[in-house]
Amino acid sequence: EQGQMQAARDAAAHALQIVIAHDGEDAPRTVNYRHLLGLVDWDLGHFEEALTQYQRGIAIRSSYLREDHPSLFNITYSLATTYEKLERYGEAADVYDRLIGWQIAALGADNSTVAFSRAGDGMTLLKLQRMDAAEEQFQDAIAALEAEYGADHYDLDVSVIGLGHVARARGDTAQARQHYERAITLRETYRGERHPMTANVLSSLGELELEMGQLDTARAIFQRVLSVHEDPAHPNEQSRLKTLEWLAKVERAAIGEAAQ
């Protein structure tokens, strides 16, 4: 919760080792610990490692419960988000379709748990260039979450970011900036200014500013993001390298602007 991901990973791995030593590799009690370790690996950008934990956990739990059992909802959602990060978009979309169907049947269409899955599905639909379907998922998720928690609740963040991505893809930069800034406020309020999740949405705003030619603003944003991803408390090599690429794009754009 504090963004100290390396310390979190060490603790999660140790906890899993204790449970395995006591109960065995395939014991039902390992599933929650595998899920936790996967979540931390995911936040560190170790998506293949996270995928391994999720797949193992789902296989264990599915051996004694049906696949649509509510106790599998959270880890199945994590599996879908990981497929999306690994650019396995078709597989991610298939998992989301099944999961959302199961959740609606068990919980109802307006439940907040369904809203989280809709937000994740929307991100995958964006990658598949299905903009209208993605926007619908984000809007439905926001409506459900606002009805349950209010307009300023942290859990709105992913769907708000998603709407920013939709607006940006459609060339509506003003609307995109509005959504990104709202998401930044949510994450700064609930996670802190130097949390990796705050840095992630800041990157989206930096990309937008670069596209609009606001080079000084973009540079400052990416430098802030880089300092977060280089922090020893939560190092993320993949995000660090991606941020360096964006900073290089800013500098190339500045050189080109100066040449004119």
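If you put +1 on each Lys and Arg Cβ and -1 on each Asp and Glu Cβ, how big is the dipole of the stretch 92-169 around its Cα centre, in Debye rounded to 20? Intermediate results must be reported in sequence, preceding the final value.
Details: 5 positive and 13 negative charges, 64 e Å.
Roughly 300 debye, rounded to the nearest 20.
Could you tell me which of 101, 79, 64 has its Cα farthest along the dipole of the stretch 32-163 towards the positive end, charges placed at Cβ (Lys, Arg +1; Asp, Glu -1), taken about the Cα centre?
Checking the options against the dipole of the stretch 32-163, the answer is 64.
Using a 7 Å offset from the Cα along the Cα-to-Cβ direction at both residue 68 and residue 217, what is the distance between the two label points in nm, to one decimal?
With each label point 7 Å from Cα toward Cβ, the separation is 4.8 nm.
Towards the positive end of the charge dipole of the chain, with charges on Cβ (+1 Lys, Arg; -1 Asp, Glu), say which of 37, 165, 24 has the farthest Cα.
Most positive-ward Cα: 24.
Which whole-number value in Å² is the accessible area per residue of the stretch 1-88, probe 1.4 Å?
Details: 4610 Å² over 88 residues.
Heavy-atom SASA per residue in the stretch 1-88 reads 52 Å².
Quick one: pull the percentage of alpha-carbon pairs in the chain with a separation above 23 Å. Kindly include the intermediate steps, with their values, before the conclusion.
Working: 18881 of 33670 pairs.
Roughly 56 percent, once rounded to a whole number.
Given labels modelled 7 Å from the Cα in the Cβ direction, how far is it in nm from residue 110 to residue 259?
Taking the two extended label points, one gets 5.7 nm.
Taking the Cα centre of the stretch 53-209 as the origin, how large is its charge dipole in debye, to the nearest 20, when only Lys and Arg (+1) and Asp and Glu (-1) carry charge on their Cβ atoms? Write down the numbers at each step before the final one.
Working: 16 positive and 24 negative charges, 106 e Å.
About 520 debye.
For a test of the definition: using alpha carbon positions, the gyration tensor, and the 1.5 limit on a/c, classify the stretch 171-228 as rounded, prolate or oblate. Numbers along the way, then the final one.
Working: a/c = 2.84, a/b = 1.29, b/c = 2.21.
The shape class here is oblate.
Over the stretch 130-260, average the accessible area per residue using a 1.4 Å probe and give it in Å², no decimals. Intermediate values should be presented prior to the final figure.
Working: 6450 Å² over 131 residues.
Result: 49 Å² per residue.
Taking a ≥ b ≥ c as the square roots of the Cα gyration tensor eigenvalues, with a/c under 1.5 meaning rounded and otherwise prolate when a/b beats b/c, else oblate, which class fits the stretch 1-66?
Values: a/c = 2.53, a/b = 1.50, b/c = 1.68.
Oblate shape, in that a/c is at least 1.5 and b/c is the bigger or equal ratio.
Between residue 25 and residue 130, how many nm apart are label points set 7 Å from Cα along the C-beta direction?
3.7
How much net charge surrounds residue 15 when only other residues with a Cβ under 13 Å from its Cβ are counted (Lys, Arg +1; Asp, Glu -1)?
Working: positive: 9, 29, 34; negative: 10, 23.
Within the 13 Å Cβ shell, the charges total +1.
The values are calculated or read from the model by the stated rules, or taken from the named source; none is laboratory data. Since the structure is predicted, the reported quantities are computational estimates derived from the model, not experimental observations. Quick reminder, even Gly has a Cβ in these numbers, built from the backbone with ideal geometry, and neighbours come from all protein chains shown. Just the protein is used for accessible areas: all its heavy atoms, side chains included, with ligands, DNA and RNA removed. Shrake-Rupley method; radii C 1.70, N 1.55, O 1.52, S 1.80 Å.
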